[in-house]
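These notes are about the structure you will find just below.
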Amino acid sequence: MTKKWITLEKLAPVGADVQKQLRWTGIALAASALWSLRGLLRIVRSMKILKAYIDQGVFSSVDAYPRYVSSAFFGFALLSLVLAGLAVWNYASFRRGARADYLMRRLPDRWEYHRRCLTVPLLGIAASVLAALTLYVLYRAVYWRLFREAAAGVEDPMRLISLSVQAGQRGIWR
Amino acid sequence: MLELKNVTKVYGWTKALDKVDLTVGPGEIVGLFGENGAGKTTLMKAILNLVAYTGQITLDGERVSRKNIERFSFATCEHSFFPTLTPDGHREFYKNHFPTWRDKRFTALMDFFKLPKLRCLNGYSTGQQNQFEVILALSQGADYILMDEPFAGNDVFNREDFYKVLLGILEPGETVILSTHLLEEVENFVSRAVLIKKGAIVGDESMSDLEDRGESLMAFVKRAYGYEPDRVSRALDKLTGEENGEEGTK
């Protein structure tokens, strides 16, 4: 029995440019990752300020970690939405100019139709979620490392972190 | 053997198929006739599982499913090919999905109809697209070939060629269910006529029985459909009478 290899062309609607879909997904992922650097930059800047105040003996506080990255992952969320739209677009592509969906729906391989419509969007969404999670964890590690460095020698350093992320409570903002 | 038992399909308040019972054996060429909206297309889509229905549709005793769906092919006037793909691209796609693909038949039909092989389907004329749609259905290697108004938009010479080619190439086990309005054209092509009206089968006769009775396909259809021969003259009488009456009052 010959093994059937799944080529890239079989992962997108017939006649669609799968390379293009993947390329744009990659570009959007990279752009989302770049956008997320805003969160990291805010962390670095705040920690520098915190350290400067502490060095001068002035009390200061920084935001809790989630506040720094709340908008940093907007790109990934937007990309996931666009990719969900791509899935709809892929399904609709089988109805453009003809009703090729009739053929797709009567293929012996029940997954062929969905594989062609969903693979790139689902892979993209998975990559987007994975990248966002990885960066979230990475930035969090950077946050704590910089915080520990800045608050070195401070008694009970946790009081330097504003609790403003708690519901209904406003913290001290700088 | 394709068997439909008590097949019903409802769209909103409309019964598109109403308790349809039908049996089609191997080698038959069945003409499916009926007015627009009678349920011909829905019947074919139900057979192919393209629409949900109640009742039972079986092929050789087994429900039509992914396991046996490759034994059906479908040519529709809506076209089920890929517009941005060339004929060779279609050939590859079908070969990958239908092990029974008839490459020799495909090549022969493409040559016969002189269809451009390097052009994408969206560059074909409507007539050529219809031809290609039917070529795909015939080349898939299916036992049951369903055709829904496949020649809509083709000229008469084109259609005649097709009937001749079809009769020439069909093998004894291949079954065709052909939905069309072109009664006179397919009279010598079909072996059986099934009439559908408002979703129900209202007539089912073999052409040999009709021949024995000396009844034409058109006469059979009109009779089974309850066609009133004097309908037009009555309407005209009424219309002209109204006009004369109006003139008379002036």
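Of the residues that make up region B:39-46, is at least one touching a residue at least 60 places away in the same chain (Cβ under 8 Å), closer than 28 Å to residue B:124 by Cα and of a type in the set (Lys, Arg)? Steps first, please.
Our first condition is that a residue be touching a residue at least 60 places away in the same chain (Cβ under 8 Å); within region B:39-46, this holds for B:39-44.
From what's left, closer than 28 Å to residue B:124 by Cα: B:40-42, B:44.
Now narrow it down to the ones that are of a type in the set (Lys, Arg): B:40.
Taking every residue of region B:39-46 in turn, at least one turns out to be touching a residue at least 60 places away in the same chain (Cβ under 8 Å), closer than 28 Å to residue B:124 by Cα and of a type in the set (Lys, Arg).
Only one of these conditions is not met by residue A:79: (1) more than 30 Å from residue B:148 (Cα to Cα); (2) open to solvent by 20 Å² or more (accessible area, probe 1.4 Å). Which number is it?
(2)
Among the residues of region B:199-232, write down those that are acidic (Asp, Glu) and out of contact with any strand residue (DSSP E or B) (no Cβ under 7 Å at 6 or more places or on another chain).
Once the filter is applied, which keeps residues that are acidic (Asp, Glu) and out of contact with any strand residue (DSSP E or B) (no Cβ under 7 Å at 6 or more places or on another chain), region B:199-232 yields B:209, B:211, B:212, B:215, B:228, B:230.
What strands (runs of 3 or more DSSP E) completely inside region B:152-206 contain at least 2 residues that are surrounded by 21 or more Cβ atoms within 10 Å (Cβ to Cβ) and among the hydrophobic types (A, V, I, L, M, F, W, C)?
On the way: elements: B:175-179, B:192-197, B:200-206.
Passing ranges, in order: B:175-179, B:192-197.
Quick one: how many residues across region A:95-153 are within 14 Å of another protein chain (Cβ to nearest Cβ) and open to solvent by 80 Å² or more (accessible area, probe 1.4 Å)?
Number satisfying all stated conditions: 4.
Scan region B:12-33 and tell me whether some residue there is within 13 Å of chain A (Cβ to nearest Cβ), surrounded by 17 or more Cβ atoms within 10 Å (Cβ to Cβ) and of a type outside the set (Lys, Arg).
Applying the first criterion (within 13 Å of chain A (Cβ to nearest Cβ)) to region B:12-33 yields none.
The answer is no, given that none of the residues of region B:12-33 is within 13 Å of chain A (Cβ to nearest Cβ), surrounded by 17 or more Cβ atoms within 10 Å (Cβ to Cβ) and of a type outside the set (Lys, Arg).
In region B:157-169, is there at least one residue being touching a residue at least 40 places away in the same chain (Cβ under 8 Å) and among the small types (Gly, Ala, Ser)?
Checked region B:157-169: no residue is touching a residue at least 40 places away in the same chain (Cβ under 8 Å) and among the small types (Gly, Ala, Ser).
Given the criterion touching a helix residue (DSSP H, G or I) at 6+ places or on another chain (Cβ under 7 Å), more than 30 Å from residue A:11 (Cβ to Cβ) and part of a loop (DSSP other than H, G, I, E, B), identify the matching residue among A:58, A:154, A:142.
Values: A:58 fails: touching a helix residue (DSSP H, G or I) at 6+ places or on another chain (Cβ under 7 Å); A:142 fails: part of a loop (DSSP other than H, G, I, E, B).
Going through A:58, A:154, A:142 in turn, just one is touching a helix residue (DSSP H, G or I) at 6+ places or on another chain (Cβ under 7 Å), more than 30 Å from residue A:11 (Cβ to Cβ) and part of a loop (DSSP other than H, G, I, E, B): A:154.
Out of all the residues in region B:50-77, which are outside any strand (DSSP E or B), touching a strand residue (DSSP E or B) at 6+ places or on another chain (Cβ under 8 Å) and under 24 Å from residue B:200 (Cβ atoms)?
Selection gives B:51, B:52, B:53, B:64, B:77.
Kindly establish whether residue B:50 is over 22 Å from residue B:173 (Cα atoms), open to solvent by 10 Å² or more (accessible area, probe 1.4 Å), away from chain A (no Cβ under 14 Å) and not hydroxyl-bearing (Ser, Thr, Tyr). Let's see the steps before the verdict.
Working: over 22 Å from residue B:173 (Cα atoms): yes; open to solvent by 10 Å² or more (accessible area, probe 1.4 Å): yes; away from chain A (no Cβ under 14 Å): no; not hydroxyl-bearing (Ser, Thr, Tyr): yes.
No; evaluated as a whole, the condition is false for this residue.
Do we find a residue being open to solvent by 20 Å² or more (accessible area, probe 1.4 Å), in a helix (DSSP H, G or I) and modelled with pLDDT under 95 anywhere in region A:163-174?
Step one: filter region A:163-174 for residues open to solvent by 20 Å² or more (accessible area, probe 1.4 Å), giving A:163, A:165-174.
When the remaining residues are screened for being in a helix (DSSP H, G or I), the result is none.
No; the residues of region A:163-174 include none that is open to solvent by 20 Å² or more (accessible area, probe 1.4 Å), in a helix (DSSP H, G or I) and modelled with pLDDT under 95.
Would you pick out the residues in region A:85-111 that are in contact (Cβ under 8 Å) with a residue 12 or more places away in the chain and outside any loop (DSSP other than H, G, I, E, B)? Before the answer, list the steps.
Going through region A:85-111, the residues in contact (Cβ under 8 Å) with a residue 12 or more places away in the chain turn out to be A:86-87, A:90-91, A:93-94, A:100-101, A:104.
If the condition is that a residue be in contact (Cβ under 8 Å) with a residue 12 or more places away in the chain and outside any loop (DSSP other than H, G, I, E, B), then A:86, A:87, A:90, A:91, A:93, A:100, A:101, A:104 are the ones that fit.
Six or more apart or on different chains, Cβ under 7 Å: which pairs go from a residue in region A:120-132 that's touching a residue at least 60 places away in the same chain (Cβ under 8 Å) and under 13 Å from residue A:22 (Cβ atoms) to one that's open to solvent by 20 Å² or more (accessible area, probe 1.4 Å) and acidic (Asp, Glu)? Could you list them?
Matching pairs, first to second residue: none at all.
Test residue B:236 against the stated conditions and say whether it is modelled with pLDDT of 90 or more and among the hydrophobic types (A, V, I, L, M, F, W, C). Walk me through how you get there before you give the answer.
On the way: modelled with pLDDT of 90 or more: no; among the hydrophobic types (A, V, I, L, M, F, W, C): yes.
No: the conditions fail for residue B:236.
Does residue A:44 fit the bill of being assigned to a loop (DSSP other than H, G, I, E, B) and either open to solvent by 70 Å² or more (accessible area, probe 1.4 Å) or β-branched (Val, Ile, Thr) (or both)? If you could, list the steps in order and put the result at the bottom.
Working: assigned to a loop (DSSP other than H, G, I, E, B): no; either open to solvent by 70 Å² or more (accessible area, probe 1.4 Å) or β-branched (Val, Ile, Thr) (or both): yes.
So residue A:44 does not fit the description; no.
Could you please give the count of residues in region A:15-45 that are modelled with pLDDT under 90, aliphatic (A, V, I, L, M) and touching a Leu at 6+ places or on another chain (Cβ under 6 Å)?
Residues that pass the stated criteria total 1.
Can you give me the number of residues within region B:77-89 that are facing chain A (nearest Cβ under 9 Å) and within 24 Å of the chain's Cα centre (by Cα)? Lay out the reasoning, then the answer.
Taking region B:77-89 and keeping what is facing chain A (nearest Cβ under 9 Å), we get B:78-85, B:89.
Next, from what is left, pick out any that are within 24 Å of the chain's Cα centre (by Cα): B:78-83.
The number of residues fulfilling the criteria is 6.
Condition test on residue A:41, is it under 21 Å from the mean Cα position of the chain (by Cα) and without any contact (Cβ under 8 Å) to a residue 60 or more places away in the chain?
Yes, satisfied.
Can you name the residue in region B:92-142 that is in a loop (DSSP other than H, G, I, E, B), of a type in the set (D, E, K, R) and away from chain A (no Cβ under 14 Å) and, of all such residues, is nearest to residue B:26 (Cα to Cα)? Explain how you work it out, then say what you get.
Residues of region B:92-142 that are in a loop (DSSP other than H, G, I, E, B), as a first pass: B:98-102, B:113-120, B:124-125, B:140-142.
Going one step further and asking which of them are of a type in the set (D, E, K, R), we end up with B:102, B:114, B:117, B:119.
Now narrow it down to the ones that are away from chain A (no Cβ under 14 Å): B:102, B:114, B:117.
Details: B:102: 19, B:114: 31, B:117: 32 Å.
Only one residue fits best here, namely B:102.
The values are calculated or read from the model by the stated rules, or taken from the named source; none is laboratory data. The model shown is predicted, which means the values in this text are computed figures rather than measured ones. So basically every Cβ, Gly included, is an ideal-geometry build from the backbone, and we count neighbours across all protein chains shown. Side chains are part of the model used for accessible areas, which takes the heavy atoms of the whole protein and leaves out ligands, DNA and RNA. Shrake-Rupley method; radii C 1.70, N 1.55, O 1.52, S 1.80 Å.
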